[in-house]
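Down below is the structure, laid out as structure tokens.
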Amino acid sequence: MSKLIPAAASLLATALLLSQTVPAPDPFLEKPYLQLGDAPKLSAAESLVLIWHTENVPEKWDVEVQTSKDSAWRNTGEVYSQVVSAPVGEPAIAGKNGAKKDAPASPAVEPHLVYRARLTNLVPGQEFHYRVLRAGKPVFDALAHARKSAGQPFRLALFGDCGQGTPSENAIAYQAYLAKPDFIFIPGDIVYGSGRISEYRTKFFPSYNTDEPSAADGAPLLRSVVFIGAPGNHDTDLANFRRFPDALAYFLYWDQPLNGPVAPSGAIKAAHELTGSVSAQPIFLDGAKQRYPRMANFSFDYGNSHWTVLDANTYMDWNNASLREWLTKDLAAAQSATWRFVAFHQPGFNSSKEHFTEQQMRPLSPIFEAGNVDIVFAGHVHNYQRSFPLTFVPANQPDGGPAGPKGEVAGAWTLDKTFGDGAKAKPHGVIYIVSGAGGAELYNPEQQTDPASWQPFTDKFISQVHSLSVIDVEGKTFRLKQVSETGQIVDSFRVSK
Ligand SMILES: [Fe+2]
């Protein structure tokens, strides 16, 4: 007996120790992350959407919020869930060169639950605390803040071409975290190489929703900072459900305004119709709901700025009169905003040899100019470029069409080379920014020190380091700092009104 007592005590001590040190199983496939939701306009009672993913085991979930005006935790109301799944892909059909002939079937994506909760009655610009409860027990909490009102200064971080699972992606995430932005904008190519559910799990969420910040592993951004994104070619241009049955995750996992145009027939080229597995298509459409395809184009207000987000992929025809009319009207309705920004993936003005002829967005320049757009942001080209303020008059090709056989657009630009600091900070024309050095392999590093290789419209060209744009908007002053993955400022400029 005297020998058993110490043994039992030892077991009890071990059990107690385990109960204290072994964490409960993670209830999430993906931890909670914030989205703007279908809320394009500022409101005195702001809202955000909180999303998280779990295994396909329905449970009771609740979300509670505490703001400065709440004396206690406040339940946000109904939590919505939907099952998202994708079947196993079928073997790819041989391509023209037969290279895809033996491509293996895609791995199965198990059906899983995507939960959405709307966080309501938030005070514009104010910090709030939220917590997620599973079966009545808090399992996750974070601090965040509501969208800023028109009278409040704001900061954003902007970088594209990021989710490739590289060390630089994590370093840029860490720099974004250090900047303490109000929101993060990704101008496309959110996740490589095909915008799939499986790729979000390995190359997006692990970098931007870590529990601890570090340059090596990423940062806890998604839970506290709203991400807003434009679709890139790697996100939404691959709609073949035979090869990629878990494709187009952009429409499943993001939640953004649905105030974009309903594209008429002809505005979206037939090449972009969903193809491949007929069993995968309805599963995708059921998961995407009204977000597909509408969420590829939208606009929203943040602080004293208006943002117009466009799908610049080649399946879109921005020479279509209906789409151009939507863009024109969207900008015309935003003239009371102090700033107008436009963002899309493929830049109209690019000096990099990579993607040089993909100039399909250039013909929209006169609409941007008439709509008093201040800055146009793009990605696609994996470096940083800043144009002189410019105006552009497109010209037709010899055959009368708007673009040449490789996508090149002719025309004449007028450059404002007097733009600079101080009294010269009032630009004549639109400034075009490429900020596509967010993590994927850099393009044309050799051109950084070869200005002769730049187009005449290019003022700055930084292609030897990954970087992000940190942007401050305060009243009539706009400041952009281009920050490298190690925190060095590689470009900066100011615009004043
Ligand atoms: Fe791209």
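Structural remarks
- Glu354 vs. criteria charged (D, E, K, R), at pLDDT 95 or above and closer than 20 Å to His234 by Cβ: yes
- Elements of type helices (runs of 4 or more DSSP H) in region 142-255, at least 3 residues being within 23 Å of Thr486 (Cβ to Cβ), more than 16 Å from the ligand (Cβ to nearest atom) and open to solvent by 40 Å² or more (accessible area, probe 1.4 Å): 167-179
- Residue match in region 394-402 (condition: on the phi > 0 side of the Ramachandran plot and within 16 Å of the ligand (Cβ to nearest atom)): no
- The conditions of being touching a residue at least 40 places away in the same chain (Cβ under 8 Å) and of a type in the set (Lys, Arg) are met by Lys353.
- Checklist (1) of a type outside the set (Asp, Glu); (2) at pLDDT below 95; (3) outside any helix (DSSP H, G or I) applied to Ala423, failing item: (3)
- Those strands (runs of 3 or more DSSP E) of region 445-497 in which 1 or more residues are modelled with pLDDT of 95 or more and either closer than 30 Å to Ala150 by Cβ or touching a Gly at 6+ places or on another chain (Cβ under 7 Å) (or both) occupy 467-474, 477-484, 489-496.
- Any hit, region 86-103, residues being among the polar types (S, T, N, Q), modelled with pLDDT under 90, in a loop (DSSP other than H, G, I, E, B) and more than 30 Å from Gln126 (Cβ to Cβ): yes
The values are calculated or read from the model by the stated rules, or taken from the named source; none is laboratory data. Remember, it's a predicted structure, so these values are computed and weren't measured experimentally. Here the Cβ is made from the backbone with ideal geometry for all residues, glycine too, and neighbour counts use every protein chain on show. Please note that ligands, DNA and RNA were not included when accessible areas were found on the heavy atoms of the full protein model with its side chains. Shrake-Rupley method; radii C 1.70, N 1.55, O 1.52, S 1.80 Å.
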